[in-house]
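For reference, the structure is listed below as structure tokens.
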Amino acid sequence: MEASEKIFTLSDESDFSFSYKPNELIARRSWSLYLVLSFSTGTDVWRIQTQESNNETLVTIELEVTTSSLGGYSTKAGPAHTSTYKIFWARLDYLLGLREDWMTCDQFDEIDPYSNHGLLYGLCGKYTDNKTPKA
């Protein structure tokens, strides 16, 4: 759970808040986007769960995104692109010693240039901290 929390803290420390349940981390990130004649607000809620099985730890992640726009339009959905999960798993592997390098947003963009950083829900994007861990 500590490694998962660190991913979010490095990505956008000031905007994520955390709560815990047994074998579960919930990371929330509220955001707003102001446009000239409109605005949107939303919350990204990440749930990271662990379960022990056959002397291994199984990790599952789920992301729920709630958005509201001017005029009262509201949606609740999961991520629109698998990139969201790919960069999370790559960073978790690094923190657990299973990967030699921390995947930066720029590196990920080279691998998957069609992914939109806006769809990476707090892990990358114009309004994130996007820090790397200190060696």
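Quick check: convex hull over the Cα atoms of the chain, volume per residue in Å³, rounded to an integer?
Considering the Cα atoms of the chain, their hull volume per residue is 126 Å³.
Answer with one residue from Q51, S14, G78: the one whose Cα lies farthest towards the positive end of the charge dipole of the stretch 2-120, charges on Cβ with Lys, Arg +1 and Asp, Glu -1.
Of the options given, the answer is G78.
What nm distance separates the two modelled labels at W89 and K131, each placed 7 Å from Cα along Cα→Cβ?
In this crude label model, W89 to K131 measures out at 2.7 nm.
Between S40 and E100, what is the label-point separation in nm under the 7 Å Cα-to-beta-carbon projection?
In this crude label model, E100 to S40 measures out at 3.9 nm.
Most mobile of S53, S68, S17 per a Gaussian network model of the chain (Cα springs, under 10 Å)?
S53
Under 29 Å Cα-Cα from K21, which lysines qualify once same-chain neighbours fewer than 8 residues away are excluded?
Once the sequence-local lysines are set aside, what remains near K21 is K6, K76, K86, K131, K134.
Rounding to the nearest 20 debye, state how big the charge dipole of the chain is about its Cα centre with +1 on each Lys and Arg Cβ and -1 on each Asp and Glu Cβ.
The dipole magnitude comes to about 380 debye.
With unit charges on the beta carbon (Lys/Arg positive, Asp/Glu negative), name the residue among A3, S68, I87 whose Cα is farthest towards the positive pole of the charge dipole of the stretch 2-120.
Of A3, S68, I87, it is S68.
So what's the angle, to the nearest 10 degrees on a 0 to 90 scale, between helix 83-95 and the longest Cα principal axis of the chain?
The angle comes out at about 40 degrees.
Once phi is turned into ³J(HN,Hα) by the Karplus curve 6.51 cos²θ - 1.76 cosθ + 1.60 with θ = phi - 60°, what whole-Hz value does each residue of the stretch 32-43 show in order, with x for glycine and proline?
For the stretch 32-43, the Karplus-derived couplings read 8, 10, 9, 10, 4, 10, 7, 7, 9, 10, x, 9 Hz, x marking Gly and Pro.
Just so you know, all these numbers are worked out from the coordinates, no wet-lab data involved. Please read all numbers here as calculations on a predicted model, not as lab measurements. We place every Cβ from the backbone using ideal geometry, glycine too, and count neighbours over all the protein chains shown.
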